[in-house]
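Working notes for the structure below.
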Amino acid sequence: MTKLVFYHDHAAKSREAAEQVRAFCRERGLAAKAIALDAFDIIQCAKAMRADLRKEGAENVVFNITGGTPVISAAATLACILEGVRAVYIDERSQKEVRLPLLSLRYEEILNEPQRRVLRFVSEKGAKGCDQAEIMRALKLSRGTVSHHVTNLKAKQLLSSEADPKDARRETLRVRESAALLLMGP
């Protein structure tokens, strides 16, 4: 069954437009669902869209990235790349559908399982962060293994670190905000 799911922000103008789209779809017997998102939070928008795309199955979806706020459009593009979904836009001059030439990233090519475990552990520590010794103890990994994975995650800009002011040998690790999108993987 064909259905339309669309995203909009919470602004009154956007809610009015969403209602017009739903009415248009009702007149044509097309199922439509409007989802309001925080148009100022790209990470939350992309996470919500990825969750929806996973429910539907990437092979069943064509994502039209036309109109909307810049943040919602950017989040949609990120979600399509990370889920391997076909994305299109409507050309304003010709009114024709144009396929976006997006890359598709396979989650397992970005992070291997041990890296995902380390990233998840650091993420669970939140703003407080943790050090490599905590990771070693919690995940039962050797110092060299943890160091290797932390180095790779920092190189991929998924972890940030700052020196401990009380102990120069210790660094506090935190997950960068953008890594939250990767933590949704399998």
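The values are calculated or read from the model by the stated rules, or taken from the named source; none is laboratory data. Because the structure is a prediction, the values reported are computed rather than measured. When we count neighbours, we look across all protein chains shown, and the Cβ atoms used for this are built from the backbone with ideal geometry, even at glycine.
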Flagged pairs (Cβ under 8 angstrom, 6 or more apart or on separate chains; first in the range 115-127, part of a loop (DSSP other than H, G, I, E, B); second of a type in the set (Val, Ile, Thr) and modelled with pLDDT under 95) are none
Only listed residue being buried (at least 16 other Cβ atoms within 10 Å of the Cβ), at pLDDT 90 or above and not aromatic (Phe, Trp, Tyr), chosen from Ala18, Ala46, Ala23 | Ala46
Residues in the range 89-122 that are within 17 Å of Arg176 (Cβ to Cβ) and either among the hydrophobic types (A, V, I, L, M, F, W, C) or surrounded by fewer than 11 Cβ atoms within 10 Å (Cβ to Cβ) (or both) total 7
Name the one entry in Ala74, Ala36 that is among the aliphatic types (A, V, I, L, M), under 22 Å from Ser104 (Cβ atoms), without any contact (Cβ under 8 Å) to a residue 40 or more places away in the chain and outside the structural domain of Glu177 (by TED's automatic domain parsing).
-> Ala74
Scan (1) at pLDDT below 95; (2) surrounded by 14 or more Cβ atoms within 10 Å (Cβ to Cβ) for the single condition Pro70 breaks and write down its number.
-> (2)
What residue, among those in the range 60-96 that are within 18 Å of the chain's Cα centre (by Cα) and among the charged types (D, E, K, R), is farthest from Lys13 (Cα to Cα)?
-> Glu83
Any idea which of (1) more than 23 Å from the chain's Cα centre (by Cα); (2) outside the structural domain of Asp52 (by TED's automatic domain parsing) is the one Glu124 doesn't satisfy?
-> (1)
